[in-house]
C-alpha cells in the first residue's frame, strides 16, 4: 500500500493519488500528516504544494511534522520514499537528503515542461527510465545547491538521478530552468530508496496532460 501524505498547503496530493491509483492501478491512500503511521504502508510519497504557506522557508515547518519521524523509519527499513517538489524541499530540510532548495535564480515562479536526463543508476525510481523523460515543473524555490564537498560525494556515490538538459541531451545554461547547481533536478540517498525531485512526474501520466513519461518514474511503486 502506498501512502500519499497530505500536509496543510499540499496541492498536488490528489494529482499523485490519481496517477498512482487511477492510472497505474496501485493501492494508494491519502493520509493526513498527523494520522500517518509508517508501519501500515510499504511506500510513502510526499507530494508538491506549499506546506504551511512556505512560511519561514519552503518545507521547513512540515519537516517537523510527526509524520516525518515515521518517514525516517520507513527509509531506514529500506522502504521507498519519494518527495516531489515541496516533498523534495521537505526531505532536504529533514536532512534525509543533502543540500538545499533555494529561490529560482530569476526570482520568479517557473511553470513549464522540461527535459530530464537520467544520470544515476542507484535510485530505484529511475530503473524504468532509459535515458530521457519530459515532465513539467512548477516551483519558486527549486534551485538546488550544495557545497563543493557535498557535490563531489553525490557524484562519487552516484546519487544524482536527474539533470535538466536541452532537446539534444546537453546540460546547458538555457536548459536549466532555475539555476540549479550542475543542472541537478533530482537526487537520492546512498541506498537509493529515498529520492527527491523538483519536476512533477504525476503531471505527466496521461497523453491528455501532454505526455506519459512520468509513469516511467512512478510505475516502480507497488
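Things to note:
- Helical runs (DSSP H, four residues minimum) scored at -39500 (n - 2.57) apiece and divided by the length of the chain put the mean residue ellipticity at 222 nm at -4500 deg cm²/dmol.
- Backbone N under 18 Å from the residue 222 label point (7 Å along Cα→Cβ), restricted to the stretch 112-135: 123-129
- Dividing the convex hull volume of the alpha-carbon atoms in the stretch 1-133 by its residue count gives 125 Å³ per residue.
- Centroid-to-centroid separation of the stretch 50-123 and the stretch 175-222 [C-alpha atoms, Å]: 12 Å
- Relative contact order of the stretch 2-218: 20 percent, from C-alpha pairs under 8 Å at least 6 residues apart in sequence.
- Debye log10 I(q)/I(0) at q = 0.10 Å⁻¹ for the chain, Cα point scatterers: -0.37
- Taking the empirical scaling 2.2 N^0.38 Å for compact globular proteins as reference, the stretch 64-175 has a Cα radius of gyration ratio of 1.11.
- Share of pairwise Cα separations in the stretch 173-216, more than 12 Å, in percent: 68 percent
- Label zone at residue 42 (point 7 Å along Cα-to-Cβ), backbone N below 18 Å, the stretch 52-91: 74-82
Here, each number is a calculation from the coordinates, and none is a lab measurement. Everything numeric in this text was worked out from a predicted model, so none of it was measured. FYI the Cβ positions are ideal-geometry reconstructions off the backbone, even for glycines, and counts take in every protein chain you see.
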